[in-house]
Amino acid sequence: MLNRIVIMGRLARDPELRRTQSGIAVTSFRIACDRDFKSQNGEKGTDWIDVVAWRQTAEFVSKYFSKGRMAIVEGRLQSRDWTDKDGNKRTAIEVVADNVYFGDSKRDGADRGDSFGGFNAPAGGYSAPIGGTSEFAEIDDEDGELPF
């Protein structure tokens, strides 16, 4: 079975960082995803998708994302059933985020004082090499032939 989802949209509000009783970080936020087509009256619709992130991903999102910032969320779709205080059965459908990436550059999104403009850093704090260093070796091309 496969349950993978990738969505891209803007945060509808600032993420809310909370902690479980055992101290595990959890963040919930909502993504507004515009539809690619217009309705009969000529307007584009918007889907409002709830997202939950846990642990390092939760801390990353709450630190570097804010309302209006474009995000790319990669994860799985989950449904939860519960009974509310009035005894009604309720269902919530949400994305459980495995990774969250920047979908815009710092100047395009909301400025929260971060230093990560322009590249997509996966959740958990990984970043692209800084200072022009490269992990690739130079290829000596004296004879002009490719080495493969």
Separation in nanometres of the label points that stand 7 Å from Cα toward Cβ, at Ser79 and Ile24: 2.3
Rounded, prolate or oblate: pick one for region 39-86, where a ≥ b ≥ c are the square roots of the eigenvalues of its C-alpha gyration tensor, a/c under 1.5 means rounded, and failing that, prolate if a/b is larger than b/c, else oblate. oblate
When the scattering of region 9-59 is computed by the Debye formula from its Cα atoms alone, each counted once and equally, what is log10 I(q)/I(0) at q = 0.16, 0.20, 0.21, 0.23 Å⁻¹? -0.55, -0.69, -0.73, -0.80
Assign unit charges at the C-beta atoms only (+1 for Lys and Arg, -1 for Asp and Glu), then state the dipole size of region 1-47 relative to its Cα centre in Debye, rounded to the nearest 20. 120
Residue separation times 0.36 nm, minus the C-alpha to C-alpha distance between Tyr101 and Ser39: what's the value? 19.4 nm
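Read-outs: derived from the displayed coordinates by stated rules, not from any lab. If you're wondering where the values come from, they're calculated on a predicted model, not measured in any experiment. Note that we place each Cβ from the backbone using ideal geometry, even for glycine, and neighbour counts take in every protein chain shown.
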